[in-house]
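Some notes on the structure that comes next.
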Amino acid sequence: MDIAALCLRLTVGLVFLPHGWSKVMGRGGPAAFAQDLPGYGIPAFLGYVAAYAELFGALLLLVGFLVRLDALLLAGVMAVAVFVVQLPDALNDVPPGTSRLFAAIRGVELPLSVLGGCLALVFLGAGRLSLDRVLRVDERVARLVRRKT
């Protein structure tokens, strides 16, 4: 399980890293990314949140720090990417004679796969080969939750 969590963390982190980097450090920075979102009915400020979540969430996944929280935030970003941005576009661009189901899946396959990886990390956690384990993050969070209930 620990090796599986490590592989999943590294894979998801490496997928997000260039996307977050280009949104934060690319031409126009996060403002350029954020300005496109109102066209999808998403407030522009969430573009800044998504851009920084992708970059810093990727880095944190790679080192295994705050993995459940990172993965949850990144899953939210991917859920919006799948269901609000890419799926409607994929369904609008279906060539005649093509299955709408297959066109939809083809249109969302990368963000849907990454969404699945993020959700798996939310449930799995970072594993023993992580900073979360060294710093006992899950134990501390569980203790806080027990105190509040």
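Note on the chain: with charges restricted to the Cβ of Lys and Arg (+1) and Asp and Glu (-1), its dipole about the Cα centre is near 660 debye. With the convex hull drawn around the C-alpha atoms of region 4-51, the volume per residue stands at 75 Å³. Starting from the alpha-carbon convex hull of region 2-148, give the projected area averaged over all orientations, in nm². If I average the Cα hull's projected area over directions, I get 10.4 nm². If one takes the longest principal axis of the Cα atoms in the chain, at what angle in degrees, from 0 to 90 and to the nearest 10, does the Cα axis of helix 67-80 lie? Approximately 10 degrees, to the nearest ten. Pairing the Cα long axis of helix 45-63 with the longest principal axis of the chain, what angle in degrees results, from 0 to 90 and rounded to the nearest 10? Result, in degrees: 50. Let me know the whole percent of all Cα-Cα pairs from region 1-88 that are separated by more than 23 Å. More than 23 Å apart: 23 percent of the Cα pairs in region 1-88.
Hey, for a label at VAL141 modelled as a point 7 Å past Cα toward Cβ, could you say which residues of region 110-133 have their backbone N under 13 Å away? Residues 119-127, 131-133 qualify, since their backbone N sits under 13 Å from the label point. The C-alpha atoms of the chain define a longest principal axis, and helix 137-148 lies at about 80 degrees to it.
No value in this document is a laboratory result; all are computed from the given coordinates. Not measured: the values here are computed from a predicted model. Glycine also receives a Cβ, built like all others from the backbone with ideal geometry; neighbour counts cover every protein chain displayed.
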